[in-house]
Amino acid sequence: MDRRGRELQTVADGGSFRQPRFAPDMTRVAAERSEPESADSNIWIYDINRRSASRLTNNGTDIRAVWSADGSRILFSSKRGPYYNVYEKAADGSGTERLVLDSPEDKLVEDWSQDGRSVAVSVPLPASSSAVGS
């Protein structure tokens, strides 16, 4: 959509999509797609110019895609056990995924620094906890 709310282009028809993020070059969008045949979600890459889509991940519940500064890599959170951990994969789908951050708590990717050295993650509080600041 443009800034006035007019639809410019539909990238993908059907499905439930969340957390869309533009690649740095603005030619692609990474988004979570809920898979209709299961309770899983995967990261899909949509090529705006070609009007095509390809699934990047297929490992259970994969969410929160974040692009590297050069657009060649994607970080995402994946729940392959009791917790969401952080993984990295080539944005073109080649190669294997690499586990980046593993610890006994959920980690949801929020951002990736321009130099590629730091990752911002949120760690949700357990339902029975509450945070109080001063």
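Between residue 21 and residue 54, the modelled label-to-label distance comes to 1.9 nm, taking each label 7 Å out from Cα in the direction of the beta carbon.
Tell me the per residue accessible area of the chain using a 1.4 Å probe; a whole number in Å² is fine. Please list the in-between numbers first.
Values: 8430 Å² over 134 residues.
Counting only protein heavy atoms, the per-residue value for the chain is 63 Å².
Dipole check for the stretch 89-129: with +1 at the C-beta of Lys and Arg, -1 at the C-beta of Asp and Glu, and the Cα centre as origin, the magnitude is about 80 Debye. Taking a ≥ b ≥ c as the square roots of the eigenvalues of the Cα gyration tensor, the stretch 34-73 is classed as oblate, since a/c reaches at least 1.5 and a/b does not exceed b/c.
Would you mind getting me the FRET efficiency between residue 38 and residue 4? Use the beta-carbon distance for r and R0 = 41 Å, nearest 0.05. If you can, show how the numbers build up before the last one.
Values: r = 38 Å, r/R0 = 0.92.
With R0 = 41 Å, the Cβ-Cβ based efficiency is 0.60.
This structure gives Cα Rg over 2.2 N^0.38 Å, computed directly, and of (1) 1.12; (2) 1.20; (3) 1.74 that value is listed as (1).
Determine the dipole magnitude for the chain: charges of +1 sit on the beta-carbon of Lys and Arg, -1 on that of Asp and Glu, nothing else is charged, the reference point is the Cα centre, and the result goes in debye to the nearest 20.
260 debye
The values are calculated or read from the model by the stated rules, or taken from the named source; none is laboratory data. Keep in mind the model is a prediction, meaning the values are calculated, not measured. Don't worry about glycine lacking a Cβ; one is built from the backbone with ideal geometry, like all the others, and counts go over all protein chains shown. Note: accessible area is taken over every heavy atom of the protein model, side chains too, but ligands, DNA and RNA are not part of it. Shrake-Rupley method; radii C 1.70, N 1.55, O 1.52, S 1.80 Å.
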